[in-house]
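The values are calculated or read from the model by the stated rules, or taken from the named source; none is laboratory data. This is a predicted model, so every value here is computed, not measured. Note that each Cβ is placed from the backbone with ideal geometry, even for glycine, and that neighbours are counted across all protein chains shown. Surface areas here come from the heavy atoms of the whole protein model, side chains and all, with no ligands, DNA or RNA. Shrake-Rupley method; radii C 1.70, N 1.55, O 1.52, S 1.80 Å.
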Amino acid sequence: MINSKQIICALDFDDFSKAENFIKAIDYDIVYKVGMEFFYRFGIDGIRKISNAKKNIKLFLDLKLHDIPNTVERAIYPLVTNVRPYMLTLHIGGGKKMLRNAVFAATEASKKNNIQKPLLLGVTVLTSLNNKDLQEMGHTISITKSVENYSNIAKKAKLDGIVCSPLEVKLVKNMHGNILKVITPGIRLQKSSNDDQSRFLSPKEAFDMGSDYIVMGRPLINALDPNNIIKKIINN
Ligand code: C5P
């Protein structure tokens, strides 16, 4: 049985009040993802405001942090203290030390504020990159092998999970089982010609493959009845 908390809705709205109204209209306890665009446009105040749209809201702060270990560590304290995210992303490409410092900072800041530590999620290879792009940057191994290596680094650094494409879920689950949670975007309810997600899975396929969480943007935010879609996913 799928729990509503395993459904992450990407709040990819260009208008703040639309995002706020959407959250208010949802009857289920799901996770809401805000990314870089939202954060740079509306700032910490915007995040605070959106988190007041609902009591005990679960926010996924998809900022994909990537810098030297000291900078990321110091950025995490105010983020955790002020935003209190449920989930937070970092690029695994920042290296094991950066990830370890991030885990340390998130743990410390959570203790200090007496809140639950956010789930720290690593981004492997961006799905916008292909093998040719990697070669151009001097990498001599395939994307699949890179994802394997990156997921090992995530595990060693004690991240809670990784974000990966539907094509990589099985690989990561076979390697790490439940030690790393897997979050998968690229979810569609049915095939749509007018779409940029060329490789996708249905919610059921993604969960059957082992995804712990699915990320859905447009299929939910553009739906006439998003509550009914969530209900169907849970009851499937
Ligand atoms: O509208 P859609 O369901 O495609 O939205 C998916 C969300 O997940 C968007 O916020 C998008 O930026 C994000 N995402 C993705 N593919 C990735 C990583 C993130 O679609 N590989």
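Taking a straight line from the alpha carbon of K173, these aspartates and glutamates sit under 18 Å away, with near neighbours fewer than eight places off in the same chain left out: E148, D160, E205, D208, D212.
Spacing of the modelled spin labels on I115 and D45, each 7 Å from Cα toward Cβ, amounts to 1.9 nm. Taking M87, M137, M36 in turn, the Gaussian network model of the chain (Cα-Cα springs below 10 Å) assigns the largest fluctuation to M137. Measuring nothing but how far apart in sequence close Cα pairs (under 8 Å, 6+ apart) lie, relative to its length, segment 4-235 scores a relative contact order of 19 percent.
The length gained on full extension between F104 and D12, counted as 0.36 nm times the residue separation minus their Cα-Cα distance, comes to 30.1 nm. Toward the positive end of the charge dipole of segment 4-235, with +1 on the Cβ of Lys and Arg and -1 on the Cβ of Asp and Glu, the farthest Cα among P219, F207, L129 is that of F207. Relative to the Cα centre, the charge distribution of segment 1-112, modelled as +1 at Lys and Arg Cβ and -1 at Asp and Glu Cβ, gives a dipole magnitude of about 460 debye. Residue pairs exceeding 20 angstrom between C-alpha atoms, taken from K33/K58; K117/K145; K49/K231; K64/K112; K64/K170; K55/K117: K117/K145; K49/K231; K64/K112; K64/K170.
The helix-only estimate of mean residue ellipticity at 222 nm for the chain, built from DSSP H runs of length n ≥ 4 each weighted as -39500 (n - 2.57), is -14000 deg cm²/dmol after division by the residue total. With the cut-off at 1.5 for a/c, could you classify segment 4-235 from its C-alpha gyration tensor as rounded, prolate or oblate? Since a/c reaches 1.5 but b/c is at least a/b, the shape of segment 4-235 is classed as oblate. Considering only Y40, Y213, Y86, the mean-square fluctuation computed in a Gaussian network model of the chain, springs between alpha carbons under 10 angstrom, is largest for Y40. A Förster radius of 35 Å, combined with the Cβ-Cβ distance separating N227 from N130, puts the computed FRET efficiency at roughly 0.40. Projecting the Cα atoms of N152, I179, N228 onto the dipole axis of the chain, where Lys and Arg carry +1 and Asp and Glu carry -1 at the beta carbon, places I179 farthest toward the positive end. Here the accessible area is traced with a 1.4 Å probe on the protein chains. For segment 4-235, carbon and sulfur cover 48 percent of it. For segment 95-212, just say rounded, prolate or oblate: build the C-alpha gyration tensor, square-root its eigenvalues into a ≥ b ≥ c, call rounded for a/c under 1.5, and beyond that prolate if a/b exceeds b/c, oblate if not. Oblate is the answer for segment 95-212, as a/c is 1.5 or above yet b/c matches or exceeds a/b. From the alpha carbon centroid of segment 1-79 to that of segment 137-159 is 27 Å. Placing pseudo-labels 7 Å out from each Cα toward the beta carbon at H139 and R188 gives an inter-label distance of 2.5 nm.
Charging the Cβ of each Asp and Glu at -1 and of each Lys and Arg at +1, and nothing else, the dipole of the chain about its Cα centre rounds to 740 debye. Of all the options K170, K204, K24, the one that moves most in a Gaussian network model of the chain with Cα springs shorter than 10 angstrom is K24.
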